[in-house]
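Let me begin by presenting the structure, written as structure tokens, before commenting on it.
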Amino acid sequence: MIKSIVRSALAVAIFSSGFLSGGSIAYAQGDAVKGEKVFKRCRACHQIGPGAKNSVGPNLTGVVGRAMGSLEGFAYGSGLMRANADGAVWDEEKIAEWLKDPKAYIQSFTGDSSAKAKMTFKVRNEEQRRNVAAYLATFATADMMKDETPDRMTHGDAPFETKMAARGSDYDTSKYVRVRQELVMPPNAPKHEQVASGPPKIVEVAFEVEEKKMVIDGDGTEIIALTFNGSVPGPMIVVHEGDYVDLTLTNPASNVMEHNIDLHAATGALGGAGLTTVLPGEQAQLRFKATKPGVFIYHCAPEGTMTPYHVTHGMNGVIMVLPRDGLKDEKGEPISYDKLFYVVEQDFYVPKNDDGTFKSYETAGEDFGDWVEQMHTLTPSHVVFNGRVGSMTGPDALKADVGETVLFVHSQANRDTRPHLIGGHGDYVWEEGAFGNAPMRDLETWFVRGGSAGAALYTFRQPGVYVYLNHNLIEAVEFGAAAHVVVDGEWDKKLMEQVYHGPIR
Amino acid sequence: MGQSANRSIKVAAASLVCVVGIGLISFGSASMMEPRGQETDFIQIDIGSESNLLVARRAVTVGEWLECVADGTCQPRPGQVVPDATLTHVNWLDAQSYIAWRSAKDGVAYRLPTHAEWVLLAAEHAPIPLEKLFDAPELAWAADYNMNPRPLPESKLAEADEIENSFGVVGLQDSVWEWTASCRETADGDQAECSSVRIAMGTHLSILPELVSDPSKSGCGAGNPLPFVGFRIVHDQDSTLDG
């Protein structure tokens with residue numbers, strides 16, 4: 001729940017009574033409750049309480065009664081180091097005096113006029129100084145031993161220093177069977193059951209971020225792609241509704257940038273992005289329950305401009321969550337597929353030189369300024385399937401046989417697209433990708449909204465070559481958003497026949 | 001801009017050596033009239049270290065940046081044309097290029113302040129960490145979302161650029177956040193662990209990717225977007241470069 005003041009007034013009252021703090025008789029005891037308010041300003045540099053650490057200033061937990069300049073791991077100024085050597089110990093009175101003017105105090109206290117103090121902050125009001133000292137006295141050294149509250153850098157100004165790395169899992173998942181999904185390169189989908197056998201499982205998925213050079217067209221245009229597992233798009237994940245996805249995201253130290261993953265199939269924490277932000281050399285593990293059946297995109301979502309920058313450099317892909325009993329037609333009858341083609345449409349915004357040629361870069365992030373400028377035009381330099389022009393044409397064309405049923409899964413993380421199979425149809429189409437809805441029947445072209453995935457099931461009836469494309473023909477033909485399907489089998493004259501071809505009769 | 005985070009540090013260090021000679025023919029009338037390094041007002045501040053810290057009274061101005069641009073080292077930055085204005089729209093690597101150029105020109109080892117140094121020189125108005133929005137450890141990722149109004153609204157932040165603090169330093173509370181050398185609150189200037197994010201300081205602490213020069217475009221994440229980012233140069237007493 002939303003947080004309230006942590007320390008109870010009761011505890012403060014007991015400890016600030018003066019009996020425990022050992023203040024001298026002449027010293028007027030401060031009010032710890034009021035001191036807590038003053039201490040808010042001290043928090044700019046100091047932490048206190050369970051889990052507190054040295055920051056700009058030393059950890060103040062247990063400072064009253066502690067030897068001056070004695071906290072391990074903090075580089076004190078020369079004054080407190082001298083006081084430490086002299087065996088001086090902090091009490092409330094000394095703290096109240098120190099706060100008036102740390103440098104002047106330590107010089108007078110040590111008798112060394114060249115003594116240095118790091119603390120530049122002064123509390124001019126005497127009552128406030130006494131109150132803060134009384135507040136500090138309410139924290140015993142023993143508080144330092146208590147469990148820390150884990151803080152994790154995520155976005156904006158979240159504190160950085162405490163990692164959740166040591167945090168294990170609290171939720172008992174021992175009753176679930178764990179399976180590791182062997183990920184494969186697009187346009188393939190990992191081996192999976194269409195109808196789940198057995199109860200929900202935990203499906204382990206390992207993603208490693210690779211920042212690498214990739215050629216994206218036939219002219220040899222290169223970008224420093226940002227990838228999940230070295231491919232654009234990232235590998236497809238397939239689970240069933242009710243399964244857990246246990247995803248490990250690794251950002252090797254050899255990378256330059258910060259990464260994370262937002263899965264549209266996951267619930268909470270910005271789709272997991274809030275819990276998976278990893279710097280080079282870090283790893284995060286996220287477990288989430290796949291509660292909604294359908295095809296969903298996932299993508300990297302760091303902060304601000306970095307989000308579209310990372311996505312337009314290739315960091316997106318699809319997770320498919322199948323209903324446990326498989327796909328169904330509009331009447332609720334089971335339907336299945338023989339093959340799955342995984343197509344992710346990718347917009348690139350490659351900057352150009354003055355002579356109109358595409359620029360090239362050597363390291364990840366080097367193109368940032370130019371790329372962002374190009375993104376702002378909302379006009380991609382390339383719109384391609386699976387990372388490059390021609391990724392599924394010619395030698396890499398998709399293959400099927402007459403009579404085979406194929407599920408085309410198609411996503412676009414940014415822009416709208418309109419898949420179409422030239423010479424075929426969408427027999428059953430989940431345009432919005434949600435398998436809980438009845439599929440639409442017999443579409444010519446279907447619409448996949450930017451930021452989503454859709455699925456279309458088709459049974460090939462004729463052999464030959466089919467073109468599967470974004471039926472914005474400019475994007476397909478001029479920019480690259482097209483794939484070919486080569487289908488083998490017997491021509492069916494009942495469906496089509498060339499009756500005549502020749503000079504005009 | 002140009003290099004990766006890791007490489008640029010080495011590149012910056014290398015250019016420190018080779019640009020020294022060129023510095024003598026610098027542009028800008030101020031540097032030709034006055035002794036080198038005098039056009040920026042530095043304030044000597046005792047922050048408890050062995051040697052005092054010399055802190056530029058103001059953040060780097062557009063005029064100072066344009067001198068570096070004229071010299072062929074720095075790149076023009078969008079909208080940065082008014083010489084007296086505080087420079088914005090620079091990323092961390094831009095700041096490093098400027099510092100390398102300026103150090104060579106003046107023969108002084110300039111650098112960015114560390115986060116701790118910045119907080120100490122901001123003394124009486126250092127930003128106070130926000131109260132956590134949530135206390136459940138599971139919600140730590142969202143705990144720093146700021147639902148409070150800013151201490152100063154954005155319009156007032158701009159006016160705050162002439163506020164002088166007790167050390168005589170100005171512009172620490174204005175709308176231009178300042179890059180620091182630090183990547184973590186506790187590990188000042190620890191280059192090895194910085195990766196590609198750095199702390200920028202203003203009226204709140206912000207952690208920014210090094211490549212960002214326009215931080216106002218904060219996206220879907222939590223956190224507290226800042227209007228602008230620039231930088232201030234400092235140097236240690238007796239930090240003159242040899243040769």
Condition first: among the acidic types (Asp, Glu) and more than 27 Å from residue A:285 (Cβ to Cβ). Now tell me which residues in the stretch A:216-246 satisfy that. A:217, A:219, A:222
Restricting the search to the stretch B:47-84, which residues are within 30 Å of residue A:115 (Cβ to Cβ), surrounded by fewer than 17 Cβ atoms within 10 Å (Cβ to Cβ) and either among the charged types (D, E, K, R) or at pLDDT 95 or above (or both)? B:50, B:57
Restricting the stretch A:453-505 to residues that are among the hydroxyl-bearing types (Ser, Thr, Tyr) and open to solvent by 20 Å² or more (accessible area, probe 1.4 Å), the residue that is farthest from residue A:379 (Cα to Cα): A:500
Scanning for something modelled with pLDDT of 90 or more, part of a loop (DSSP other than H, G, I, E, B), open to solvent by 60 Å² or more (accessible area, probe 1.4 Å) and not polar (S, T, N, Q), does the stretch A:33-40 turn up at least one residue? no
Those strands (runs of 3 or more DSSP E) lying entirely in the stretch A:281-391 with at least 3 residues open to solvent by 50 Å² or more (accessible area, probe 1.4 Å): A:282-289
The conditions are (1) in a loop (DSSP other than H, G, I, E, B); (2) at pLDDT below 95; (3) among the acidic types (Asp, Glu), and residue A:193 fails exactly one of them. Which is it? (2)
Just wondering, is there one or more residues in the stretch B:170-180 that are at pLDDT below 90, out of contact with any Asp or Glu (no Cβ under 7 Å at 6 or more places or on another chain) and outside any loop (DSSP other than H, G, I, E, B)? no
Any chance you could count how many residues in the stretch A:271-307 are facing another protein chain (nearest Cβ under 8 Å) and more than 9 Å from the chain's Cα centre (by Cα)? 8
Is it true that some residue in the stretch A:368-379 is more than 14 Å from chain B (Cβ to nearest Cβ), modelled with pLDDT of 95 or more and closer than 21 Å to residue A:419 by Cα? yes
Do you know which residues across the stretch A:335-367 are free of Cβ contacts under 8 Å to residues at least 60 places away in the same chain and out of contact with any Pro (no Cβ under 6 Å at 6 or more places or on another chain)? A:351, A:352, A:353, A:354, A:355, A:356, A:357
Sort out which residues of the stretch B:91-148 are free of Cβ contacts under 8 Å to residues at least 12 places away in the same chain, surrounded by 20 or more Cβ atoms within 10 Å (Cβ to Cβ) and in a loop (DSSP other than H, G, I, E, B), and write them in order of number. B:126, B:143
Leading residue by the ranking (surrounded by the fewest Cβ atoms within 10 Å (Cβ to Cβ)) among those in the stretch A:403-431 that are touching a residue at least 40 places away in the same chain (Cβ under 8 Å) and in a loop (DSSP other than H, G, I, E, B): A:403
Restricting the stretch A:228-267 to residues that are more than 9 Å from chain B (Cβ to nearest Cβ) and among the small types (Gly, Ala, Ser), which is nearest to residue A:318 (Cα to Cα)? A:234
I need every pair where a residue in the stretch B:198-211 that is farther than 8 Å from residue B:177 by Cβ has its Cβ under 7 Å from the Cβ of a residue that is open to solvent by 20 Å² or more (accessible area, probe 1.4 Å) and among the basic types (Lys, Arg), sequence separation at least 6 or different chains. B:203/B:150
Regarding the stretch A:86-101, can at least one residue be identified that is within 44 Å of the chain's Cα centre (by Cα), at negative phi, within 14 Å of chain B (Cβ to nearest Cβ) and at pLDDT below 90? no
Please go through the stretch A:102-126 and pick out each residue that is within 14 Å of chain B (Cβ to nearest Cβ), open to solvent by 30 Å² or more (accessible area, probe 1.4 Å) and in a loop (DSSP other than H, G, I, E, B). A:112, A:113, A:114, A:116, A:118, A:119, A:121, A:122, A:124, A:125
Condition (residue is closer than 27 Å to residue B:51 by Cβ, in contact (Cβ under 8 Å) with a residue 60 or more places away in the chain and surrounded by 22 or more Cβ atoms within 10 Å (Cβ to Cβ)) applied to the stretch A:74-88: is it met by at least one residue? no
With respect to residue A:51, is the statement that it is closer than 23 Å to residue B:182 by Cβ and modelled with pLDDT under 90 true? yes
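The values are calculated or read from the model by the stated rules, or taken from the named source; none is laboratory data. All values derive from a computational prediction rather than experimental measurement. When we count neighbours, we look across all protein chains shown, and the Cβ atoms used for this are built from the backbone with ideal geometry, even at glycine. SASA here: full protein model, heavy atoms, side chains in, ligands and nucleic acids out. Shrake-Rupley method; radii C 1.70, N 1.55, O 1.52, S 1.80 Å.
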